[in-house]
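Okay, so here's the structure we're looking at.
The values are calculated or read from the model by the stated rules, or taken from the named source; none is laboratory data. Fair warning: this is a prediction, and the values are worked out from it, not measured in the lab. Please note: Cβ atoms are built from the backbone with ideal geometry, for glycine as well, and neighbour counts cover all protein chains shown.
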Amino acid sequence: MKFLDMIGFICAFTWVLGIEVKASPGHEGHEEKTSKLSIVKSDTSAERPFLIGSSFEVVLNCCETGKTHIYVADRETNKAVTKATISIEILGKQPFKIEATSTQNTGEYLFTHQVKEGDKVELKINIKEETRAEILSTLITKWPKATGHCAEKRHA
């Protein structure tokens, strides 16, 4: 195996496993920088799309036309995340960026939008907490239909 092929294989293997990667800037005397690669898992074909990142799990509930409820939980404990700042960015037919507001339900946030059922959009959710932050991003090929079932579809 050629040296460059071996390096490419190692980089690909490292990316797939999400292993911590150390990158040297290539100049002696400079510090090494460490970055953690994370893969966001998502299911956007479900009635309630979900995203799972390295720190957070997010479930979207499109129970009202023009309003989407977001349930945010800690990935490890599944406990609701409170006191977070949630920014939503949607790229598609009518791109926009908005802050989600917390509701009276623990771990639930709400944002209003003009996304129509069946629209294809790129969704970015930026979650910031006191000690951590993460951006979850996915392509939703068909925005879900508003179900009208808000109360009974909450994240448990």
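Take the conditions closer than 17 Å to K124 by Cβ and either assigned to a strand (DSSP E or B) or at pLDDT below 80 (or both) and apply them to I98. Does it pass?
Values: closer than 17 Å to K124 by Cβ: yes; either assigned to a strand (DSSP E or B) or at pLDDT below 80 (or both): yes.
When the stated conditions are applied, I98 passes them.
Could you say whether any residue in the range 122-131 is more than 14 Å from the chain's Cα centre (by Cα), of a type outside the set (D, E) and modelled with pLDDT of 90 or more?
Yes, the conditions are met somewhere in the range 122-131.
Hey, could you check the range 78-95 for residues that are in a strand (DSSP E or B) and modelled with pLDDT under 95 and say which is farthest from H113 (Cα to Cα)? Quick ask: steps written out before the conclusion?
Residues of the range 78-95 that are in a strand (DSSP E or B), as a first pass: 80, 85-91.
Filter again for modelled with pLDDT under 95, leaving 90-91.
Numbers: I90: 9, L91: 12 Å.
Among residues in the range 78-95 that are in a strand (DSSP E or B) and modelled with pLDDT under 95, the one farthest from H113 (Cα to Cα) is L91.
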